[in-house]
Amino acid sequence: MRVEALLLLGLAVFFTITGTVYWFTSYEQAGTLMLIGSALLGLLPGAYYFWWSRRMEERTEDRDDAEVAEGAGTVAAFPGSSIWPFVLGVGLALTAVALVLGIWTAVPGIALVISALVGVTVESRRGGTV
Amino acid sequence: MILPPGDRRFRGTLARVGRAVASREASGRMKGHKTRNAVVLALGAVGLSACQLPNFGGYRGSTAQGYDTHELYAGAVIAAIVVGVLVFALITWSVFRYRARPAKGGDASIRMPRQFHDNPVLEIVYTVVPVIIVGVLFFFTVLTENNVDAVSTHPYASIKVTAFQWGWQFNYQGEGVQIIGNDVTQQYPQMVVPTGKTVRITLVSNDVVHGFYVPAFNFSRYAQPGIVNLFDLTVTHSGVYRGQCTQFCGLYHSEMVFTVKAVPAAQYQSWLRAEQANQADHPSQAPPPLQPSSKYHIQYGY
Amino acid sequence: MTITQERAPGAAGAPFAGEVLPDHDEGPSGLLKWISSTDHKVIGKNYLYTSIILFFISGIMAMLIRAQLSQPNSSLISFQQFNELFTMHGSLMLYLYAGPFAFGGLANYVIPLQVGAPDMAFPRLNALSYWLYLSGSIIMVSGFLTAGGAASFGWVGYAPLSSVTNSPGTGPDLWIIAIALTGFSAIFTAVNLITTIFYLRAPGMTMFRLPIFTWNMLVTAILILIAFPVLTAAMVMLFADRHFGTHIYSVAGGGVPLLWQHLFWFFGHPEVYILALPYFGIVTDILPTFSRKPVFGYKGMVFATMAIAGLSTGVWAHHMFTTGAVLLPFFSLLSFLIAVPTGIKFFNWIGTMWRGQLTFKVPMLFAIGFLFAFLMGGLSGVLLASPPIDFATHDTYFVVAHFHQVLFGTAVFAAFAGFYYWYPKMTGRMLREGLGKAHFWVMFIGFWLTYVPQYVLGLRGMPRRIAVYPSGLGWTFMNQLSTIGASIIALSFLFMLYNLWVSWAHPIPAGDNPWDAGTLEWWASSPPLHHNFVNLPRIRSERPVWDANHPEHDKAHRPSAIARMAAMSANGQTGGNGHAGGNGQAGDGTTGSPGSAGAH
């Protein structure tokens, strides 16, 4: 966890420095804001990881000497096949296209988005598939 | 007709760079001039067997500013060739020298190379050396950049260039002379400038982003709505130079051509008088001045 | 069903010898499988094939552009058509091919395998990314079907040319929507990749044992998170300007057109490295494999990747040097400095090959082709980092040649290096060597013939994106050379298509590790079964499969061993074959081990 945290915090430090130098040499707002935003992008998750990295036991993937057997057991839960990402993707695309082609594509689009959200929730609760 | 940029007048490059540095020292703005002179001379010694840098396919620059750019370009290309040939040779050597050979003893399998995987000293060397190279390039870049972007306080002539879809308007400020041409007339507008004199260009755009580009001057600058760009051109060679819009600006981008005609100052003055008389006599024929649509101009200029 | 993935306990390196467990993904087959799969391998292949199709469509546009430019005053296609073609050529290549091929296709397929994970961290989000990408692509291409034609303001869409007065019509709107959709797709994939790399690594796979490809994809994913939200925001504002009456980019209402350039290039320059870094990673995986050595300067590679990524976010305005409104020295210096980590990478690549035993299989040829192409593109890039030289060449064919050499080097040479490299893993079939080599050599010749004349054209003053040029300027011959070169490149892909067909019709089984590679994906079977691994080798370096297959080199990564080996080689002994394995780990020669299905 430590390396991951330091990677993100390093990002924050780098962009803080760059942003500061940039602001005081150019006084240009757009670029400075984007650099500050990038610094925050590193800072927020980085600080969170760092906080945890000092409080949690090292994971097997953080240790040089870990054996595969130590990682035996449950890795994570992965969903099986699911139609809902497809439905959601098509729904979102139709909804977005409504901005261009007119409101008529938004009707099926929003319907698909809602049904996908319901579908994926139900699927997760039941542990079902397709 | 487009004249090739002459290059006879620019012998003695080294002396010129030296003078440029010397003049800066005289102005008291730079310290440590001995080192800098040494660097200039070192680069010169690498790049110049004769007194003139090769042009590597580019223009030598028919303006004073463009000539500085040419020198920087030539020096940078020499550096790039040196580095490029070195890396190219290393890759080629690796490819030919270390191709797989069968293992000893007639075994068909490939011999196993030594499994080394770093060399910290070497890695530091090839980190530091590129830093030095780009440092030198950056130093010369800043020198040239300051020359190219320098704006004089008392230009000989001042021309406002307005780019629009799809043509150019040249407004000789304080002289009452305007030249205009666009893609419809197919009459490419011609900007007449004096040689050997500093001409101030004030560049604006009427609609979208355009690019004022004269290849033979080694120079281009965006013409943008809302931004006024100032720069100086000191054309050193008489001739007619083709210019064209570089920044894509819509349907007839390809047709946005203009020419720059550089003539000696006396000839420029007589042209200006004739044009003034002509445009005063025939006010209806004089094209109307274009006004940039914006009320929110921001003044810029390097 | 939701599957709780178990890792087999007794997997300490012994090759799997028992019965193959049945694939527990009892999902649908056929079209429904393609639509409903959440398996990273299916989605990755979807991405790959979709992006290659878009690459071919975009290539056809490039051929039309080159055909138009092969003659002065050509009237093969109209101005409007030409403008649409180069806009869509750029948009398809950059937004829909080069990026998605790398982070949607190869990364999606390879990263979970390389880190020893059963799948991506969020499989359904992964599928959603693909569907957004596909629908975005269809929407963008469908711009050609609208009455006003597709977008025609260049892939950069500079304001105010992209405003509704200058570019009316549905085509530009579809372009904006498509980029927003694919932008979200990229962001989702980036989140997915970062989470997978941070949380789903195998035991012992520490961050500094990740293969360089994975490292580069991690850094790329972070760059995506920095860059793409800015692009999407810029697009939303552009859409608002066009249709909702805002004046963010219009001077008339008090807006700032230059803001578009700042926002766009704050995305656009990191985007260049989003397109380049994954391909650096591919090459960094391929060179060690075919040199039979570990990567040279592993940590240097990682830090160079980070340095490139960091610097790339601080150089956006080097695309704006000629605006007269940006801070020249800051952006010039940072742009120059990118040459340093890139140089480190180059020397590390050479160091990887140095004293190796190089075999020139097709992926290796493409990787070396990348080195040459990128060397040339990179050097001309250093020139362009200097503002005065940029003034002289900005928006001319010099720049066109520069970025095509860079992007062709990465997104074509390195991309197809990766394609040829991982194709046996993805399909379990080999591609034919002879056809692959023909593809490489024809393309390599075409590449130089296409782009070197464009440098000359740029230096002689030919602006980019012009539909016609007059004769008498000395541009004709170089343009013709370039067109011939482009035709040769197009021809070379026929070899690849034929190769794919031959491989499909007359399969040659690949085996699990046809290249004797070292990274973890070669431990799984070819193609890997659902959820990838049933057992894993012990992980003690960035190439665990190599360690397992060549136990005699096991200690090669310890500094003491290096010193000892250096001493030995000084004594005239070659190679490190005399070392005992000493860790009790079983190896099975050079074929890898048959991985197999996961357990319930």
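Points worth noting:
- Within region A:118-127, the residues that satisfy the criterion of being surrounded by 14 or more Cβ atoms within 10 Å (Cβ to Cβ) and modelled with pLDDT under 85 are A:123, A:124.
- Filtered residues of region C:352-379 (kept if small (Gly, Ala, Ser) and open to solvent by 10 Å² or more (accessible area, probe 1.4 Å)): C:378
- Subset tally (residues that are in a helix (DSSP H, G or I) and either among the charged types (D, E, K, R) or open to solvent by 20 Å² or more (accessible area, probe 1.4 Å) (or both)) for region A:97-117: 14
- Residue within region A:75-91 that is surrounded by 22 or more Cβ atoms within 10 Å (Cβ to Cβ) and closer than 23 Å to residue C:143 by Cβ present: yes
- Residue selected from region B:67-98 under the condition touching a Lys or Arg at 6+ places or on another chain (Cβ under 7 Å) and open to solvent by less than 10 Å² (accessible area, probe 1.4 Å), by the criterion farthest from the other protein chains (Cβ to nearest Cβ): B:67
- The residues listed here are C:188, C:208, C:228; of these, the one that is in contact with a Gly (Cβ under 7 Å, 6 or more places away or on another chain), open to solvent by 10 Å² or more (accessible area, probe 1.4 Å) and of a type outside the set (Gly, Ala, Ser) is C:228.
- Scanning region C:403-458 for residues that are β-branched (Val, Ile, Thr) and closer than 20 Å to residue C:103 by Cα yields a total of 4.
- Answer from C:304, C:317 - the residue that is over 29 Å from residue C:115 (Cα atoms), within 14 Å of chain B (Cβ to nearest Cβ) and of a type in the set (A, V, I, L, M, F, W, C): C:317
- Residue within region C:358-374 that is out of contact with any strand residue (DSSP E or B) (no Cβ under 6 Å at 6 or more places or on another chain), part of a loop (DSSP other than H, G, I, E, B) and either within 17 Å of residue C:275 (Cβ to Cβ) or at the interface with another protein chain (Cβ under 8 Å from one of its Cβ atoms) (or both) present: yes
- Test: residue C:110 is open to solvent by 20 Å² or more (accessible area, probe 1.4 Å) and of a type in the set (Val, Ile, Thr): no
- Close contacts from region C:323-352, counting a first residue that is under 13 Å from residue B:127 (Cα atoms) and a second that is aromatic (Phe, Trp, Tyr), with Cβ to Cβ under 7 Å and a gap of 6+ residues or different chains, come to C:343/B:126; C:344/B:126; C:345/C:280; C:347/B:126; C:348/C:296.
- Residue within region C:60-71 that is within 11 Å of another protein chain (Cβ to nearest Cβ) and open to solvent by 40 Å² or more (accessible area, probe 1.4 Å) present: no
- Every residue from region B:229-240 that is buried (at least 20 other Cβ atoms within 10 Å of the Cβ) and within 9 Å of chain C (Cβ to nearest Cβ): B:229, B:231
- Residue within region A:54-72 that is open to solvent by less than 50 Å² (accessible area, probe 1.4 Å), in contact (Cβ under 8 Å) with a residue 12 or more places away in the chain and either at positive phi or not in a helix (DSSP H, G or I) (or both) present: yes
- Close pairs (6 angstrom Cβ cut-off, 6 or more residues apart or separate chains): within 11 Å of residue B:213 (Cα to Cα) in region B:250-262, polar (S, T, N, Q) and modelled with pLDDT under 95 anywhere: B:257/B:244; B:259/B:190
- Residue under evaluation residue A:99, criteria (1) hydrophobic (A, V, I, L, M, F, W, C); (2) more than 7 Å from chain C (Cβ to nearest Cβ); (3) in contact with an Asp or Glu (Cβ under 9 Å, 6 or more places away or on another chain), criterion not met: (2)
- Any chance residue C:80 is assigned to a helix (DSSP H, G or I), open to solvent by 10 Å² or more (accessible area, probe 1.4 Å) and either in contact with a strand residue (DSSP E or B) (Cβ under 8 Å, 6 or more places away or on another chain) or at pLDDT below 95 (or both): yes
One line per residue, one yes/no per condition, for (1) open to solvent by less than 40 Å² (accessible area, probe 1.4 Å); (2) within 13 Å of chain B (Cβ to nearest Cβ); (3) touching a strand residue (DSSP E or B) at 6+ places or on another chain (Cβ under 7 Å):
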| position | (1), (2), (3) |
| --- | --- |
| C:465 | yes, yes, no |
| C:472 | no, yes, no |
| C:493 | yes, no, no |
| C:500 | no, no, no |
| C:503 | yes, no, yes |
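- Residues that are within 8 Å of chain A (Cβ to nearest Cβ) and not in a helix (DSSP H, G or I) within region C:112-146 comprise C:117, C:118, C:119, C:121, listed in sequence order.
- Checking residue A:33 against (1) surrounded by fewer than 17 Cβ atoms within 10 Å (Cβ to Cβ); (2) in contact with a Leu (Cβ under 8 Å, 6 or more places away or on another chain), the condition it does not meet: (2)
- Boolean, residue C:347 is open to solvent by 20 Å² or more (accessible area, probe 1.4 Å), part of a helix (DSSP H, G or I) and out of contact with any Leu (no Cβ under 7 Å at 6 or more places or on another chain): yes
Condition check ((1) in contact with a helix residue (DSSP H, G or I) (Cβ under 8 Å, 6 or more places away or on another chain); (2) at pLDDT 90 or above; (3) among the basic types (Lys, Arg)) across all residues:
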position	(1), (2), (3)
C:12	yes, no, no
C:17	no, no, no
C:30	no, no, no
C:45	yes, yes, yes
C:62	yes, yes, no
C:84	yes, yes, no
C:88	yes, yes, no
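- Each residue in region B:187-220 was checked for being open to solvent by 30 Å² or more (accessible area, probe 1.4 Å) and touching a residue at least 40 places away in the same chain (Cβ under 8 Å), and 7 of them qualify.
- Annotation for region C:508-521: no member residue is closer than 23 Å to residue C:361 by Cβ, modelled with pLDDT under 55 and open to solvent by less than 10 Å² (accessible area, probe 1.4 Å).
Here's the yes/no breakdown for (1) within 7 Å of another protein chain (Cβ to nearest Cβ); (2) assigned to a helix (DSSP H, G or I):
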residue	(1), (2)
A:38	yes, yes
A:42	no, yes
A:74	yes, no
A:82	yes, no
A:85	yes, yes
A:89	yes, yes
A:92	yes, yes
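The values are calculated or read from the model by the stated rules, or taken from the named source; none is laboratory data. Small disclaimer: the values here were computed from a predicted structure and weren't measured. Counting neighbours? That spans all protein chains shown, and the Cβs are built from the backbone with ideal geometry, glycine included. Surface areas here come from the heavy atoms of the whole protein model, side chains and all, with no ligands, DNA or RNA. Shrake-Rupley method; radii C 1.70, N 1.55, O 1.52, S 1.80 Å.
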